[in-house]
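Everything on this sheet refers to the single structure shown next.
Laboratory data are not the source of any read-out in this text; all were calculated from the coordinates shown. All of these numbers come straight from a predicted model, not from anything done at the bench. Quick reminder, even Gly has a Cβ in these numbers, built from the backbone with ideal geometry, and neighbours come from all protein chains shown.
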Amino acid sequence: MDLTPRPRVLTTESGAPVADNQHSASAGPAGPLLIQDQQLLEKLARFNRERIPERVVHARGAGAYGYFEVTADVTGHTRAAFLSEPGKRTEVVARFSAVTSSLGSADATRDIRGVAARFYTEEGNYDMVGNNTPIFFIRDPMKFPDLIHSQKRDPYTGTVEPENVFDFLAHTPEATHQVTWLYGDRGIPADYRHMDIYSSHAFQWENAEGVRSWVKYHFKSDQGIANLHSEQARRVAGEQPDSHQQDLLKAIEAGDFPSWTLYVQVMPESDADGYRFNPFDLTKVWPHADYPLIEVGRMVLDRNPEDVFTEIEQVACNPANFVPGIGPSPDKMLQGRLFAYADAHRYRLGVNNMQLGVNRPRGTTADNYGRDGFMRADTPGPHRGRARDRNYEPNSFGGPVQTDRPLVGGGEVAGRVGSHATPSHREDDDYRQAGDLYRLMSQDERARLATNLAAPLAAIDRTDIVERFIAHLRAADEEYGERVEQAVAATRG
Ligand code: HEM
């Protein structure tokens, strides 16, 4: 018997064997090509359709699979089933990214890094879509498209313009804290493994007794923290543009699995109103002295995707994907995000994006009355052992029914409808925490921060923009503003 493996036969999309994949069919050896050559037509047409819209933000990224293991009892805070007991493991996919870079950009840039971690729980997909910083530039989603426009390519010059970046920031005092973080030492992580991950927002947790808390997540890198200084980053970005992606891939291939220990800060529900600043303001951290870190578990990434496009580019993580025991807080930014992601997914991937392999729930099955749409791939009905599914509810045929139990209890609200800008807590200012962060820095760190800011600021011709921006730094700490002003003058020469 001949045991030589037979070569796999190349086929068309419809499965017919292909006779020639090297030569187009022509009328005679030198003649024009024939429209009957389906292999050629299909190949060229298919190729033209390989690209889908890149994410409007966080386009550049990389990801991997792994698991989350509970290491401490947190049932006092949440009834989420995947957190129900120490030792419990849940499959995870995580995608890391940079916010403003386009697909194909270099990894080693000064930018916020995003991390979307999906937990395939038995109660549905739970998506934690966070960043490597505990804060953000703005506190109202109305400003998000403008923030991003100012940091992406200018419509006229086609390049990123420091003038646009700092013009927006000069008009956005609440960004001072995030700016101080981003232009400081943590602004360019060495790779995705050596950085912490934060939910940044508060979420609501509810335990089995209905006791509710506000919770912020902190994933601390077990690898430690490693960052690049500006000049190192310039070299790495030039010599090894895919540095972060390669680092993650190679580490996992080598069995050096990256992990993060998850801690939460827990604020009792009733603390929120009387706290000294609005605890749902995304431009502020909760001091650990008030709300210390409580251990929850460990996220380990131990498997690379086999196909980056289908498993990572097509992942559709959504901060609105909650499970029983976890829900949203009134953070206005989060509330805006609860809309934005599924909407982006429907545009980028289509209405049936949740049927793609990486998006489908794995710990349970989605079962509802949503129907049809472009590219629906599953067949509802008899395959689940039932006679036939009805597409309406309520029905008399055993279709899925509601539980009557909300995922979390929500919260009480009162107040007049309006576009409110007025602070409601006594320390709702824009500068205090930015100044605190600056004052925590060593002299060397302060010097690097000033140099990092001075480089783009010195490239801006409009001195009024620079002055307006530096006024925010001064308001955070007089010496901070002074130092940056001098650094700009020195850079301009
Ligand atoms: C991606 C909107 C703020 C973290 C995205 C996407 C949109 C979006 C439309 C692309 C989604 C996709 O195509 O799959 C917004 C809006 C925001 C906001 C409107 C403010 C109102 C934030 C904040 C964080 C964050 C504060 C972190 C705390 C991420 C991450 C991704 C992302 C990690 C990439 C997800 C992935 O890897 O698939 N955002 N975003 N975003 N955003 Fe936001």
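Put in line by how crowded their Cβ is, counting other Cβ atoms within 10 Å and starting with the fewest, Thr121, Thr403 read Thr403, Thr121.
Shown in residue order for segment 465-475 are the 3J(HN,Hα) couplings computed by the Karplus curve 6.51 cos²θ - 1.76 cosθ + 1.60 at θ = phi - 60°: 5, 4, 5, 4, 5, 5, 4, 5, 5, 4, 5 Hz (x for Gly and Pro). Here the Karplus curve 6.51 cos²θ - 1.76 cosθ + 1.60, taken at θ = phi - 60°, turns the phi angles of segment 155-167 into couplings of x, 8, 7, x, 10, 6, 10, x, 4, 5, 4, 7, 5 Hz, with x standing for Gly and Pro.
With a 10 Å Cβ neighbour count serving as the proxy for reagent exposure, in which order, fewest first, do Met142, Met267, Met441, Met128 appear? Intermediate results must be reported in sequence, preceding the final value.
Numbers: Met142 11, Met267 19, Met441 16, Met128 25.
The order, fewest Cβ neighbours first, is Met142, Met441, Met267, Met128.
Sparse packing (at most 16 other Cβ atoms within 10 Å of the Cβ) combined with a DSSP loop state is found for the following GluC sites (Glu not before Pro) in segment 103-200: Glu122.
Exposed loop sites, defined as chymotrypsin sites (Phe, Trp or Tyr not before Pro) outside DSSP H, G, I, E and B with at most 15 other Cβ atoms within 10 Å, are absent from the longest region of the chain, namely 157-368.
The H on the amide N of Gly63, modeled in the peptide plane, is under 5 Å from the matching H of Phe96, each at least 5 residues off or on a different chain. Rg and Dmax of segment 54-358, both derived from C-alpha coordinates alone, stand at 18.7, 58 Å. Amide H to amide H distances under 5 Å link Ala190 with Ala226, Asn227, Leu228, where only residues 5 or more positions off or on other chains count and H is placed in the peptide plane.
Among Thr379, Thr100, what is the fewest-to-most ranking by other Cβ atoms within 10 Å? List each step's numbers first, then the result.
Details: Thr379 9, Thr100 21.
Starting with the residue having the fewest Cβ neighbours, the order is Thr379, Thr100.
Summed over qualifying helices (DSSP H, 4 residues or more, each -39500 (n - 2.57)) and divided by its residue number, the chain shows a 222 nm mean residue ellipticity of -8000 deg cm²/dmol.
Selection among Val315, Ile252, Thr100 by position relative to the dipole of segment 54-358 gives Thr100 as farthest towards the positive end (Cβ unit charges, Cα centre). The Cα atoms of segment 435-493 give a gyration tensor whose axes a ≥ b ≥ c have a/c of 1.5 or more with a/b no greater than b/c, which makes the shape oblate.
Looking at segment 248-316, the trypsin sites (Lys or Arg not before Pro) that sit in a DSSP loop and have at most 13 other Cβ atoms within 10 Å of their own Cβ are Arg276. Residues whose amide H lies under 5 Å from that of Phe119, counting only those 5 or more places away or on a different chain, are Tyr126, Asp127, Met128; hydrogens are built 1.01 Å from N in the peptide plane. Note: relative contact order over the chain, using C-alpha pairs below 8 Å and six or more positions apart, is 18 percent. Simple rule: put +1 on each Lys or Arg Cβ and -1 on each Asp or Glu Cβ in segment 54-358, find the dipole, and look at Ala80, Leu349, Gly63; the Cα lying farthest toward the positive end is Leu349. Tell me whether segment 286-358 comes out rounded, prolate or oblate; compute the Cα gyration tensor, take square roots of the eigenvalues as a ≥ b ≥ c, and use a/c under 1.5 as the rounded threshold. Note, shape of segment 286-358 comes out oblate. For Lys220, the lysines whose Cα falls under 23 Å of its own Cα, not counting residues fewer than eight places away in the same chain, are Lys88, Lys250, Lys284.
So how strong a dipole does the chain carry about its Cα centre when Lys and Arg Cβ are +1 and Asp and Glu Cβ are -1, to the nearest 20 debye? Walk me through the intermediate numbers first.
On the way: 55 positive and 70 negative charges, 216 e Å.
Dipole of the chain, to the nearest 20 debye: 1040 debye.
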